[in-house]
1. Exactly one of these conditions fails for TYR346: (1) over 19 Å from ILE75 (Cα atoms); (2) within 16 Å of the ligand (Cβ to nearest atom); (3) of a type in the set (Phe, Trp, Tyr). Give me its number.
2. Report yes if some residue within the stretch 298-321 is of a type in the set (Lys, Arg), open to solvent by 10 Å² or more (accessible area, probe 1.4 Å) and assigned to a helix (DSSP H, G or I); otherwise report no.
3. VAL376 fails exactly one of the following numbered conditions: (1) farther than 27 Å from LYS259 by Cα; (2) open to solvent by less than 50 Å² (accessible area, probe 1.4 Å); (3) more than 13 Å from the ligand (Cβ to nearest atom); (4) part of a loop (DSSP other than H, G, I, E, B). What is the number of that condition?
4. Count, please, the residues in the stretch 80-91 that happen to be open to solvent by 10 Å² or more (accessible area, probe 1.4 Å) and farther than 9 Å from GLY33 by Cβ.
5. For the structure I just gave you, tell me whether ARG79 is assigned to a helix (DSSP H, G or I) and modelled with pLDDT of 95 or more.
6. Of the residues that make up the stretch 352-359, is at least one in contact with an Asp or Glu (Cβ under 8 Å, 6 or more places away or on another chain) and either assigned to a loop (DSSP other than H, G, I, E, B) or touching a residue at least 40 places away in the same chain (Cβ under 8 Å) (or both)?
7. Tally up the residues in the stretch 338-373 that are crowded, with 21+ Cβ neighbours inside 10 Å and either closer than 28 Å to GLY220 by Cβ or hydrophobic (A, V, I, L, M, F, W, C) (or both), please.
8. Hey, could you check the stretch 411-426 for residues that are within 10 Å of the ligand (Cβ to nearest atom) and open to solvent by 10 Å² or more (accessible area, probe 1.4 Å) and say which is farthest from TRP124 (Cα to Cα)?
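The values are calculated or read from the model by the stated rules, or taken from the named source; none is laboratory data. In this text, all values refer to a predicted model and were calculated from it rather than measured experimentally. In this analysis, Cβ positions are derived from the backbone assuming ideal geometry, glycine residues included, and neighbour counts consider all displayed protein chains. Ligands, DNA and RNA are stripped out before the accessible areas are found, and what is left, the full protein with its side chains, is counted by its heavy atoms. Shrake-Rupley method; radii C 1.70, N 1.55, O 1.52, S 1.80 Å.
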Amino acid sequence: MYTEFLSFPAGFAWGAATASYQIEGAANEDGKGKSIWDVFSHAEGTVADGENGDIACDHYHRYREDADLMRGLGIKHYRCSISWPRIFPEGRGAANRKGLDFYDRLFDACLERGITPWVTLFHWDLPAALQEAGGFAGRDCAGRFCEYADTVTGFFADRIKNWITFNEPWVYSFCGHLYGVHAPGLKDLPSALAAAHHILLAHGESLAVIRNNVPGAKIGIVNNLAWIENATNAPEDIEAAKRWDLAFNRWFMDPLFGKGYPEEMVSWYGGNMPEVKSGDLSVIAGATDFLGINYYTRRLVAGDPEDRHIGAKQVYRPHIKRAEFEEWEWYPEGLYKTLRDVKERYGNIPVYITENGTTCDDRISADGCIHDPDRVEFLRRHFAAVWQAIKEDCDVRGYFVWSLYDNFEWGFGFTKRFGVVYLDRENNLRRIVKDSGHFIADVCTNNGFSVD
Ligand code: IFM
């Protein structure tokens, strides 16, 4: 059998990713204020099994153990997020020193173990007090974000150089403000579009703030990009797929890279559009150092006159392998195509795959291990897609698996496991490295892997 070792460029950043609300727990400790996810998850019918992130992985108390875990896996880069309401319990005013101290301890624990933190400022846990004042649907929230970014980046400027402003603006804006399945649980298109615009604005306005605080900062934003294809060649499917791409991918990418909002969708949204003030677009297009891409799947799209948002729906091909989410088919080629497309459309900006991974129905086997061959296969195929893109000169500099360990998967609670480390909720949240975790460890150590 022919075997080849796919080796990655020297210095390629292999890592794992998490987010504050999904792992920290300690929801009410050390002066933390409530986030919109604390509020949303405690409302009836919002999260599977009535779960919430009050305890989650208890990372707040076990961060040293978790840093040891990463060191044991040879992980040298860790993407995590800061909980805004730990720092500003009421969204603004005086910073909560105990909140800063937690991240101080966490970052030091990482650095002492040779792990470089990549810090996301906003992974959806907005202070509830700011939502009461309108949240990101209001323009003011961009200013609040800059104040928060100023405090945090100023405090950690000596140790943290890699900053990510926002995680997945599409999900936050649309799942939270149009589809109502995420906090803050709204169902209103103008609010979703306004939130999207103000997030982009907050990102752009914060760039100067962060650069001013952090000498040598590398600043990026993370978009979730999906590869979109029309389900058939019927004109209505072709049009629908185009709209999906514009609304999901390019609504964020185009303005960030100086192309403004896609005209066709601006016309489609018509009177639902937020006010875009003169100068906003140039602020949004401020220079970033890298783009983070979260890639999970392809979407096959057909026209759907009943869909009030973009007149489109996703279609499912039952024979294609998928994650436990029906709509997340495995499509590693889509990652390769996305990387090529980003390069062609926006230039060869440095890219990090800031999330990629899959859910599996993981169980503890009789031997006490977690055998997750599907996840290993998923990762192997996606790594190969990244390798191919690099071979074709796409400037991909790192890959962070989603996720370090099983955690609170938003509306799905703890029913979906994304980790390369198992979280044993029956057994005091003990962590058990899955086969995929051992695979990642090998890849990190060897900076590559063998394919047959
Ligand atoms: O768990 C999420 C994460 O918070 C954002 N990106 C997708 C992951 C899996 O759904």
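1. For TYR346, the failing item is (2).
2. Going through the stretch 298-321, the residues of a type in the set (Lys, Arg) turn out to be 298-299, 308, 313, 317, 321.
Still in the running and open to solvent by 10 Å² or more (accessible area, probe 1.4 Å): 298-299, 308, 313, 317, 321.
Those left that are additionally assigned to a helix (DSSP H, G or I): none.
There is no residue in the stretch 298-321 that is of a type in the set (Lys, Arg), open to solvent by 10 Å² or more (accessible area, probe 1.4 Å) and assigned to a helix (DSSP H, G or I).
3. With respect to (1) farther than 27 Å from LYS259 by Cα; (2) open to solvent by less than 50 Å² (accessible area, probe 1.4 Å); (3) more than 13 Å from the ligand (Cβ to nearest atom); (4) part of a loop (DSSP other than H, G, I, E, B), VAL376 is out only on (4).
4. 0
5. Details: assigned to a helix (DSSP H, G or I): no; modelled with pLDDT of 95 or more: yes.
No, not satisfied.
6. Kept after step one, since they are in contact with an Asp or Glu (Cβ under 8 Å, 6 or more places away or on another chain), are these residues of the stretch 352-359: 358-359.
Those still in the list that are either assigned to a loop (DSSP other than H, G, I, E, B) or touching a residue at least 40 places away in the same chain (Cβ under 8 Å) (or both) too: 358-359.
Scanning the stretch 352-359, I find at least one residue that is in contact with an Asp or Glu (Cβ under 8 Å, 6 or more places away or on another chain) and either assigned to a loop (DSSP other than H, G, I, E, B) or touching a residue at least 40 places away in the same chain (Cβ under 8 Å) (or both), so the answer is yes.
7. Initially, the stretch 338-373 is screened for residues crowded, with 21+ Cβ neighbours inside 10 Å, giving 338-339, 342, 351-360, 362, 370, 372.
Narrowing the set further to residues that are either closer than 28 Å to GLY220 by Cβ or hydrophobic (A, V, I, L, M, F, W, C) (or both) leaves 338-339, 342, 351-360, 370.
Final tally of qualifying residues: 14.
8. Here is the first cut: in the stretch 411-426, the ones within 10 Å of the ligand (Cβ to nearest atom) are 411-412, 416, 418.
When the remaining residues are screened for being open to solvent by 10 Å² or more (accessible area, probe 1.4 Å), the result is 411-412, 416.
On the way: GLY411: 13, PHE412: 16, LYS416: 19 Å.
So the residue we want is LYS416.
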